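A short write-up of the structure that comes next.
Throughout, read-outs are computed from the coordinates displayed, never taken from laboratory work. Computed from a predicted model, the values in this text were never measured in an experiment. Ideal geometry is used to build each Cβ from the backbone, glycine not excepted, and the neighbour counts take in all protein chains shown.
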Amino acid sequence: MSGTYEFEDFILKISTPFYLILIALEIFLTNRSERKSYHIKDTLTNAALMLLNGGIDLVFRVVYVSLLIWLFNYRIVEPVANPYVYWTALFLLEDLAFYTLHYVDHHCRLFWAVHVTHHSSEHFNLTTGFRSSVFQPLYRFVYFIPLVLLGFNPADIVIMYSITQIYGIIVHTEHVGKLGFLEYILVTPSHHRVHHASNVEYLDKNMGMCLIVWDRLFGTFQEEMDRIPTRYGLTSSLKETDLGHTIFHEWREIGKDFAQPTSFMTKLKYVFKAPGWSHDGSRQTSREMQKELLADGNEP
């Protein structure tokens, strides 16, 4: 895996100045527009969350890579010999794996408690792409297990994830409009603005990293609509924006729900059902809110 670390280091060296140039350009464009996308404290929080996520990933990597290498020895099929077919298949399947991970993160409260940090900013800019789900490296590798069993080398999986993350970051911008026919294939900035919006119509939509085809196939696609301007952040704004509250606020809310005088099975539902679920109907999930919106005659 030493070659993998060297290649990742190379990716970091070429992507960092690329990001810095794009961020500087975006700040320049933002300062010339009415809608201000940047806020100093928010940007610093994004950087801190990125560093925490990266630190956990670095420390835990020896565990999950070792497990993936061990499982690779029990692969069901041998690696595809043709490199073009191999890397194309790896890209497609890893993008599908990320879609699945992302879907679960949004529909299971336990994992939403981790992922919510990425959605907690009320600003949307390139640095939001670095606003990482801090503890995601502790379980993300689970979604790569089918790939190693299908004959994809763990080192190649790590490399592919590093490459696709670059694209996943640069779609966090308000300064790129719709991109014509690419809107049918790729996740575009327009699609990802929808994903980060807290408008009921936009909740839990457009989960893909690079390809939007998974959302179109599995019914989670939503186009950005001019009549519904995006409103970023959570459905309920954070009362505090310090780093600790940003990371742990949903865990605290789960603790409060778990402490309610209900049955143990009901307590577990507060952990594993969708965010917003409640046993007494006092809250709503995104699907319930969208269903209510449709019942009122409003089209999504």
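Which whole-number percentage describes the relative contact order of the stretch 2-175, with Cα contacts under 8 Å and a sequence gap of 6 or more? Spell out each step's value before the answer.
On the way: 170 pairs, mean separation 65.4, N = 174.
Averaging sequence separation for qualifying contacts and normalising by length gives 38 percent for the stretch 2-175.
Would you work out which of L268, F218, L96 lies farthest towards the positive end of the dipole of the chain, given +1 charges on the beta-carbon of Lys and Arg and -1 on that of Asp and Glu, about the Cα centre?
L268
FRET efficiency for R75 and I185, Cβ-Cβ distance as r, R0 = 35 Å, nearest 0.05?
0.70
Would you mind counting up the charge near Y143? Only other residues with Cβ under 15 Å from its Cβ, with Lys and Arg at +1 and Asp and Glu at -1.
Local charge sum for Y143: -3.
Once every Cα of the chain carries one equal point scatterer and solvent is ignored, give the base-10 log of I(q)/I(0) from the Debye formula at q = 0.08, 0.10, 0.11, 0.15 Å⁻¹, two decimals.
-0.38, -0.60, -0.73, -1.34
Sort 76-87, 22-33 for me by packing, meaning the mean count of neighbouring Cβ atoms within 10 Å per residue, highest on top. All intermediate terms of the calculation are to be shown ahead of the outcome.
Details: 76-87: 10.9, 22-33: 13.4.
In descending order of packing, they fall as 22-33, 76-87.
What ³J(HN,Hα) values, in whole Hz, does the Karplus curve 6.51 cos²θ - 1.76 cosθ + 1.60 give for the stretch 271-277 when θ = phi - 60°, with x put for Gly and Pro?
Coupling constants for the stretch 271-277: 8, 9, 6, 5, x, x, 5 Hz.
Please sort 225-232, 113-120 by packing, taking for each peptide the average over its residues of neighbouring beta carbons within 10 angstrom, highest first.
113-120, 225-232
Would you grab the residues whose amide H sits under 5 Å from the one on L186? Only those 5+ places off in sequence or on another chain, please, with H modelled 1.01 Å from N.
Residues meeting the criterion, in which the H sits 1.01 Å from N, are I212.
Return the long-range amide H neighbours of F221 (sequence gap of 5 or more, or a different chain), with a cut-off of under 5 Å between placed amide H atoms.
Long-range HN contacts for F221: N206.
Given the pairs K239/K291; K13/K273; K41/K291; K178/K269; K36/K269, which are separated by over 32 angstrom at their Cα positions?
K13/K273; K41/K291; K178/K269; K36/K269
Any idea how far the Cα center of the stretch 65-115 sits from the one of the stretch 231-300, in Å?
For the stretch 65-115 versus the stretch 231-300, the Cα centre distance is 28 Å.
Summing Lys, Arg as +1 and Asp, Glu as -1, what charge do residues with Cβ under 13 Å from the Cβ of F7 carry, F7 excluded?
-3
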